[in-house]
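The values are calculated or read from the model by the stated rules, or taken from the named source; none is laboratory data. Predicted model, so just to flag it, every value in this text is computed and none were measured. Positions of Cβ are backbone-derived with ideal geometry, glycine not excepted, and every protein chain shown enters the neighbour counts. Calculation scope for accessible area: heavy atoms of the full protein, side chains included, ligands and nucleic acids excluded. Shrake-Rupley method; radii C 1.70, N 1.55, O 1.52, S 1.80 Å.
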Amino acid sequence: MAKKVERYFYPAVFTYEEGQEIAVVFPDLDAATSGETEDDALLCARELLGCVMFGLEEDGEPIPEPTPLSAVTLEENERAVLVDVYMPSVRMAQNNKSVNRTVTLPAWLNAAALERNINFSQVLQDALKAQMGF
């Protein structure tokens with residue numbers, strides 16, 4: 001199995017329109033997002049890039065070659081930004097994604113746990129890990 005890429009770098013086009021959020025488009029990936037400020041737009045772009053690249057990896061799709069930043073065509077109100085994403089943390093977050101499970105408890109036990117502000121999810125996770133020796 002090929003070693004997975006640790007970090008991807010793709011150009012994004014930030015578009016500035018008066019009174020609107022900053023639009024962010026990845027021309028190589030057919031993906032877009034936006035942000036209220038430049039910091040917010042960059043964080044949203046990085047998160048989107050991670051999701052898109054993770055999806056491509058998981059589906060076994062070819063990874064598009066990024067356009068060099070200097071070759072990105074821009075309008076007057078646009079700026080090219082090189083966005084990177086560190087994939088090991090994205091992959092780990094996807095593997096740790098939570099799922100909902102329905103459990104049945106005696107009413108008295110539920111009431112007693114609620115009175116004590118017990119975090120049901122955490123208790124169940126801890127018990128399952130202990131049961132499996134993790």
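Miscellaneous remarks
- Projecting the Cα atoms of ASN100, LEU29, ALA111 onto the dipole axis of the chain, where Lys and Arg carry +1 and Asp and Glu carry -1 at the beta carbon, places ALA111 farthest toward the positive end.
- Here the stretch 112-134 is scanned for amide nitrogen atoms under 16 Å from the site 7 Å beyond the Cα of ASN95 along Cα-to-Cβ, giving 134.
- Accessible area ranking (1.4 Å probe, heavy atoms, ligands and nucleic acids excluded), largest first, for VAL83, VAL123, VAL99: VAL99, VAL123, VAL83.
- Summed over the residues of the chain and divided among them, the accessible surface reaches 74 Å² per residue at a probe radius of 1.4 Å.
- ³J(HN,Hα) computed for each position of the stretch 121-134 - Karplus, 6.51 cos²θ - 1.76 cosθ + 1.60, integer Hz, glycine/proline x: 4, 5, 4, 5, 4, 4, 5, 5, 4, 4, 4, 8, x, 8
- Dipole of the stretch 34-124, positive direction: furthest Cα of PRO64, SER121, ALA41, with charges on the beta-carbon: SER121
- Note on THR104 and ASP28: the model spin-label points, each 7 Å out from Cα along the C-beta direction, lie 5.3 nm apart.
- Pair-distance distribution of the chain: all C-alpha pairs, bin width 10 Å, starting at 0; shares per bin in whole percent are 10, 30, 21, 16, 15, 7, 1.
- Placing +1 on each Lys and Arg Cβ and -1 on each Asp and Glu Cβ, with no other charges, gives the chain a dipole about its Cα centre of roughly 1240 debye.
- Alpha-carbon centroids, the stretch 6-62 and the stretch 80-134: separation in whole Å: 28 Å
- Charges were assigned to the Cβ only: +1 to each Lys and Arg, -1 to each Asp and Glu. The resulting dipole of the stretch 11-89 about its Cα centre is roughly 200 debye.
- Rounded to 0.05, the FRET efficiency of the GLU38 and PHE134 pair, given R0 = 35 Å and the Cβ-Cβ distance, is 0.25.
- Given a 1.4 Å probe and the protein chains as shown, ASP39 ends up with an accessible area of around 120 Å².
- Residue order for TYR86, TYR10 - accessible surface, 1.4 angstrom probe, largest first: TYR86, TYR10
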